[in-house]
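The values are calculated or read from the model by the stated rules, or taken from the named source; none is laboratory data. Nothing here was measured: the structure is a model prediction, and the numbers come from that model. Here the Cβ positions follow ideal geometry from the backbone for every residue, glycine too, while neighbour counts run over all protein chains shown. Heavy atoms of the whole protein, side chains included, go into the accessibility calculation; ligands, DNA and RNA do not. Shrake-Rupley method; radii C 1.70, N 1.55, O 1.52, S 1.80 Å.
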Amino acid sequence: MPQLIPQVNTAFTERFSTPELTIFSPGRMNFIGEHTDYNLGFVLPASIDKGIAVAVAASKDGKTSIYSVDKDELLEVDITQPLKRSDIGWANYVLGVVDQLQKAGAQLSNFNCVFGGNIPIGSGLSSSAALENGIGFALNELFGLGLDRMKLLHLSQLAEHEFVGVKCGIMDQFSSMMGKKDQAMKLDCRSLDYGFYPVDFGDYQIVLLNSNVEHNLASSEYNVRRSQCEEGIEVMQRKFPGIKSLRDVEMHMLNTCKDELTEVVYRRCKYIIEENQRLNDFVAALEQKDFTQCGQILFTAHEAMRTEYEITCPEIDVLVDLAKQQPGILGSRMMGGGFGGCTLNLVHKTNMDAFVEVMTREYKTKTGIALSAYRIAVGDGVHRVNQ
Ligand code: ADP
Ligand code: MG
């Protein structure tokens, strides 16, 4: 991120004056635990060293001006008047946070803001949460609102639900706000309890490969998966009335109910139960610094997403299959909700350049699509930066 902060600060100075403060708000990755959140299980995310920078200062001309560096678009609005949804997509993430802060009782004056990022937009690294958290954190500092991180991240989620209209879970905002350098967070999606686990992969490096495909199946199939899990719960509750979510189900309970479940619902439930177990196994392997085992779990998780939960797509499967054949690879799996986005890869540092080169070439040959590679480190959650 070396250029991002000066770039955003310079853009602010050119348009307005000197920013009063600048915030870095990271995107996030998830080591393991996909589709476990709405089943009230575990996820293992981390904030990354790429994200969105937000520069702000109070405005003295009776209006709020917000400039997106990446979209080269300016929004002008008087936030002391009732807020309306904007035709500009990104504006709703920003206004949604302003709206939530006001609903929480914050007295906001007009302000000037410039923001820009160095994470891919809409590829599952949570640029949206980075943007919301960056705006919320910046305004909290600028106006001395005194809101804590937990409150701010919940406001970000509500902004996305209500102003943008996307019913996202809490993981994205949580990991971008609460993350710590070189630590993964094990988040319990039922209680929101969380704990940190060091992620130092030694000679291995995390690299995300963006397939640059996004199949529009993602949202419809997401809803289908959710209802299949609910169907499984309803059936199993007849035998085990105490069950509230798949979090409460163990494999032997599922197997007891196998005959009453459709084959598909059985597979979906099996995936979720085992994904939670894989996550716990991954954490145990991390603690023992058994990176080979971590990598194996990633491969297994991918296979389960492909065959049991059926949320991968041909391009993503090509990426994981190709990665498996490369020297220095420990593990690879699709990251995120499915049907496109990025794969997460653990690769030996000495093989990294060749890995990216070969993967880029082979992926292009097999799919005709250009690959983008992001070498990632686990960085701190949202924080102020020196201007
Ligand atoms: P992601 O997986 O990256 O969170 P989303 O679809 O949830 O994908 O959010 C992407 C949206 O967030 C974009 O369409 C845009 O409105 C907004 N956004 C994110 N990053 C930026 C940016 N750097 N500049 C402008 N808008 C951004
Ligand atoms: Mg998002």
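Using R₀ = 45 Å, calculate the FRET efficiency as 1/(1 + (r/R₀)^6) where r is the Cβ-Cβ separation of D61 and V166; round to 0.05. Intermediate values should be presented prior to the final figure.
Working: r = 33 Å, r/R0 = 0.72.
With R0 = 45 Å, the Cβ-Cβ based efficiency is 0.85.
Using the Cα gyration tensor of region 1-117, with a ≥ b ≥ c the square roots of its eigenvalues, what is the shape: rounded (a/c below 1.5), prolate (a/b larger than b/c) or oblate (neither)? Because a/c hits 1.5 or more and a/b fails to exceed b/c, region 1-117 counts as oblate. Using θ = phi - 60° in the Karplus curve 6.51 cos²θ - 1.76 cosθ + 1.60, the 3J(HN,Hα) couplings for region 342-348 round to 10, 9, 9, 10, 10, 10, 4 Hz; x is entered for Gly and Pro. Per-residue ellipticity at 222 nm, computed for the chain from helices alone with -39500 (n - 2.57) per DSSP H run of at least four residues, works out to -13500 deg cm²/dmol.
Going by amide H atoms built from the backbone, whose H comes under 5 Å of the H on I79, apart from near neighbours? Result for I79 returns T64.
Can you give me the accessible area per residue for the chain, using a 1.4 Å probe, in Å²?
Details: 15960 Å² over 387 residues.
The answer is 41 Å² per residue.
With a 1.4 Å probe and every protein chain kept in, tell me what percent of the accessible surface of the chain is carbon plus sulfur. That share works out to 48 percent. Couplings 3J(HN,Hα) of region 81-94, computed from phi: 9, x, 8, 10, 4, 9, 6, 7, x, 5, 4, 6, 5, 6 Hz, in residue order, whole Hz [Karplus 6.51 cos²θ - 1.76 cosθ + 1.60, θ = phi - 60°; x for Gly and Pro].
Shown here is the pair-distance distribution of region 102-207: with all Cα-Cα distances grouped in 10 Å bins from zero up to the longest one, the shares run 12, 40, 35, 11, 2 percent.
Distances between placed amide hydrogens fall under 5 Å for C342 paired with S211, M335, all partners being 5 or more residues away or on another chain. For V43, the residues 5 or more places off, or on other chains, whose built amide H falls under 5 Å of its own are L187, C189. Spatial offset of region 78-119 relative to region 216-239 amounts to 35 Å, using the alpha carbon center of each. Projected label points at N223 and D78, each 7 Å from Cα along the beta carbon direction, are separated by 3.9 nanometres. Here K258 is the anchor, and the lysines within straight C-alpha reach of less than 23 Å, apart from those fewer than 8 places off in the same chain, are K239, K244, K270.
Can you give the charge dipole size of region 50-192 about its Cα centre, rounded to the nearest 20 debye, using +1 on the beta carbon of Lys and Arg and -1 on the beta carbon of Asp and Glu? Could the numbers behind the result be given before it?
On the way: 14 positive and 16 negative charges, 85 e Å.
For this selection, approximately 400 debye.
Applying 1/(1 + (r/R0)^6) with r as the Cβ-Cβ distance of E14 and R384 and R0 = 22 angstrom yields a FRET efficiency of 0.55. Protection proxy ranking of 21-33, 301-313, 97-109, by the mean of other Cβ atoms within 10 Å over each peptide's residues and highest first, is 21-33, 301-313, 97-109. Computed from phi, the 3J(HN,Hα) profile of region 162-170 under the Karplus parametrisation 6.51, -1.76, 1.60 (θ = phi - 60°) reads 8, 8, 8, x, 10, 7, 6, x, 9 Hz, with x in place of Gly and Pro.
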